[in-house]
Amino acid sequence: MNGAKKRVLFVDDEPLLLRALQALLRTERARWDMEFALGADEAMRAFTMTPFDVVVSDMRMPGKDGATLLGEVRRQQPGTRCVLLSGYADDALLARATPHCDVVLNKPCRAPDLVKTIEELVERGA
Amino acid sequence: MTNLHQELQKRIAKANGIGAMVITLLVMASAWGDWAMMATIGVINALVIAANMFVTFVLLSRLSHRNAEITRAVINLSTGVLIAHITHWPLACFLFMPYTALVFDPVARKTTLYTVLAVCVVYSLGSYLDGVPLMTPFVFTVLTLFCYETSSSRHAVIRVMLAEAESGRDALNRAYHSLQTETAARERAELELAQHHKLEAVGRLAAGIAHEINTPVQFVADSVSFIDDGNRRLLALVDRQSRIVAEATSALDDDERTRGRATSLRVMLDEARATADLDYLRDELPLASERVHEGVERVTHIMHSVRQFAHPDKKESAPVDLNESVRTALTIAAAEYRLVADVETELAELPAVLCHAGEVNQVLLNLVVNAAHAIEEKQKQTGKRGTIRVRTRVGSDHVAIEVHDTGVGIPEHLQGRIFEAFFTTKPVGQGTGQSLAVSRAVIEKHDGRLTFESKVGEGTTFVIRLPLRRAAA
């Protein structure tokens, strides 16, 4: 357990996307402690065990959607930084999610943008 | 209606005929015993009846109604006076005068009145000259005027009733026609609404598909980034290993016994590199992942355009960058024109215009697709590529978007019809499914105008004008 490492949780309902992210962000493992959860329920289980500094979640997922998940995360741990990844153009849904997230990123987003976003949030949270 | 009319006319003619006959018989009876007189009266009356018939059936169709009536009045008057003179004045007066007054058809009321008065005066004068007491013509005149007034008033009443019935019938006809027009308009509106809903549903579907594609696109891009990074690191590893091998083999060179081993190791390494085509991989792998990124970028752009275009969830007007709308429509319609036309854009700096983006985009798409089809049609004849030129410009009070094509043009006889509902020259399944009538309605709903100019063989330019006064500040 490295206390200085920031903990980042990635949530998506697409396993291939999670695997790709995991591989891509492996270079960041020295500074971030990353976990990848398949869906909102798995994310909540991981979060309850050990809280995270940053949660990056997809918007549309079966069952509980990203907005709901981030709302629950914020209730448990108000200091958590939240990123919503969205490919969905529905403004009403986004508006509902906005109070619970710090940044909304459009899907698809390029890896450097995602890394930079997380970096900034981690620094702000520190 | 006409049958009944003819039936009634016949009845009047019959009554008149019977009346004339009864009068004739009565006058003849008054001369009972004087057989020569009776014969004379019979002949005169027969002639008068024939003259009347002639006037009614022949002259009436040639002369004006008024002149025919006057002619008849003169004939009857002369006969009446003649018969009165040769028989008895009171008898002739009683029989002829009221009868004459009844038979008049008061179409020209004034003429008829004068004629009746003339008849009265002539009879009175005639009887006076023949020495008949004045009481007789006086009573006859009163009776005649009474007959005349009653009959002409009845006519007037019937005429008024007829006019009322006719105006009622006209009102009913007008109501029926406006009902028909309204029904047709409603049917058209309903069909157009259905069409609109269909387009909306397609837009929603497209936006949903665009969203679904984003996830695979995301992990394809992420995976390629990873592969790219992995390649770089593997190549760096290969390079380091090569240097290590070089160092190791050069150490073997120092000793004469191992020098041959070193040479064969170098040959093996070169062979292994050649087999793997290492230099090519070093050059091409980064380019390959660059291509994937470029492809992903394009897919992203197309999907973004689809989502932008459909705007399935935006119902109200909002400030819109129409240049962005043009670019979006050109991206979406690329499949329609890429093979047949080049696109030129000339986009002026535009203020945001308040409009319903989804609807205006649909119109733009429609115009671009039509332009592509017009060019495709011409290409079949000439084999040459065409040009679609889209220009935007700002006027004093409006923003204009011009969609010009170098296609076949619209034949003059169709130019007046292209904005008619459901007018199309395209087979089913081609085009965007939106008629130009709907396009125009959409633009007019925004207080704008959709116009065009076209020349056969040269091309067509459609111009959308949207008012600037509604532009957002």
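The values are calculated or read from the model by the stated rules, or taken from the named source; none is laboratory data. Here the structure is a predicted model, which means the values were calculated and not measured. Please note: Cβ atoms are built from the backbone with ideal geometry, for glycine as well, and neighbour counts cover all protein chains shown. Just the protein is used for accessible areas: all its heavy atoms, side chains included, with ligands, DNA and RNA removed. Shrake-Rupley method; radii C 1.70, N 1.55, O 1.52, S 1.80 Å.
Rg to Rh ratio, the protein assembly as shown, alpha-carbon atoms and Kirkwood radius?
1.47
Using a 1.4 Å probe, how large is the accessible area of B:SER242, given in Å² and rounded to the nearest 10?
Accessible surface of B:SER242 is approximately 20 Å².
Over the whole of B:208-219, what's the average partner chain Cβ count within 10 Å per residue? Rounded to a whole number, please.
Averaged over the peptide's residues, the number is 6.
Rounded to the nearest 500 deg cm²/dmol, what is the calculated helix-only ellipticity per residue at 222 nm for chain A, with -39500 (n - 2.57) per DSSP H run of length n ≥ 4?
Helices in chain A give a 222 nm mean residue ellipticity of -12500 deg cm²/dmol.
Viscosity 1.567 mPa s, temperature 4 °C: give me the Stokes-Einstein translational D for the range B:6-104 in µm²/s, with Rh taken as the Kirkwood radius over C-alpha pairs.
Calculated translational D: 92 µm²/s.
Mind checking how much accessible area A and B bury in total, 1.4 Å probe, in Å² rounded to 100?
Details: alone 7070 and 29080 Å², together 34390 Å².
The A and B chains share an interface burying roughly 1800 Å².
Which value, in debye to the nearest 20, describes the size of the charge dipole of chain B about its Cα centre when Lys and Arg Cβ atoms bear +1, Asp and Glu Cβ atoms bear -1, and nothing else is charged?
Details: 49 positive and 54 negative charges, 499 e Å.
Using only the charged Cβ atoms, the result is roughly 2400 debye.
Using θ = phi - 60° and the Karplus form 6.51 cos²θ - 1.76 cosθ + 1.60, what ³J(HN,Hα) does each residue of the range B:159-169 get, whole Hz, x for Gly and Pro?
4, 4, 4, 4, 4, 4, 4, 5, 5, x, 5
Which residues of the range B:225-247 show a drop of at least 40 Å² in accessible area when all protein chains are present, compared with their chain alone (probe radius 1.4 Å, heavy atoms only, ligands and nucleic acids excluded)?
By number: B:PHE226.
Using the alpha-carbon atoms, what tilt in degrees (0 to 90, nearest 10) does helix B:357-382 show relative to the longest principal axis of chain B?
With rounding to tens, the tilt is 90 degrees.
Give me the angle, in degrees from 0 to 90, between the Cα long axis of helix B:256-276 and the longest principal axis of the Cα atoms of chain B, rounded to the nearest 10.
Value to nearest ten degrees: 0.
In angstroms, what radius of gyration and Dmax does chain B have, counting Cα atoms only?
51.3, 184
Measuring with a 1.4 Å probe in the full set of protein chains, what accessible area per residue, in whole Å², belongs to chain A? Can you show the working numbers first?
Values: 6180 Å² over 126 residues.
Ligands and nucleic acids excluded, the result is 49 Å² per residue.
Averaged over its residues, how many other protein chain Cβ atoms are within 10 Å of peptide A:58-69's Cβ atoms?
Details: counts 3, 1, 4, 0, 0, 0, 0, 0, 0, 0, 0, 0.
The per-residue average across the peptide is 1.
How crowded by other chains is A:101-112, given as the mean number of beta carbons from other chains within 10 Å of each beta carbon?
Details: counts 0, 0, 0, 0, 0, 4, 8, 16, 5, 8, 8, 1.
Averaged over the peptide's residues, the number is 4.
Around B:ALA163, what is the net charge, scoring Lys/Arg as +1 and Asp/Glu as -1 over all other residues with Cβ under 14 Å from its Cβ?
In short, -1.
Aspartates and glutamates within cross-link reach of A:LYS6: Cα-Cα under 16 Å, excluding same-chain residues under 8 positions apart?
A:GLU28, A:ASP33, A:GLU35, A:ASP53, A:GLU119, A:GLU120, A:GLU123
Take the range B:309-417, drop everything but the C-alpha atoms, weight them equally and run the Debye formula without solvent; then report log10 I(q)/I(0) at 0.14, 0.15, 0.17 Å⁻¹ to two decimals.
Values, matching the q order: -0.60, -0.68, -0.84.
Tally up the carbon and sulfur contribution to the accessible surface of the protein assembly as shown as a whole percent, 1.4 Å probe, everything protein left in place.
With neighbouring chains kept in place, the figure for the protein assembly as shown is 60 percent.
Could you provide, to the nearest whole Å², the per residue accessible area of chain B with probe 1.4 Å?
That works out to 60 Å² for each residue.
If you project the alpha carbons of the range B:191-296 onto the principal axes, what extent comes out on each, in Å, largest first?
Principal extents (largest minus smallest coordinate, Cα): 96, 18, 14 Å.
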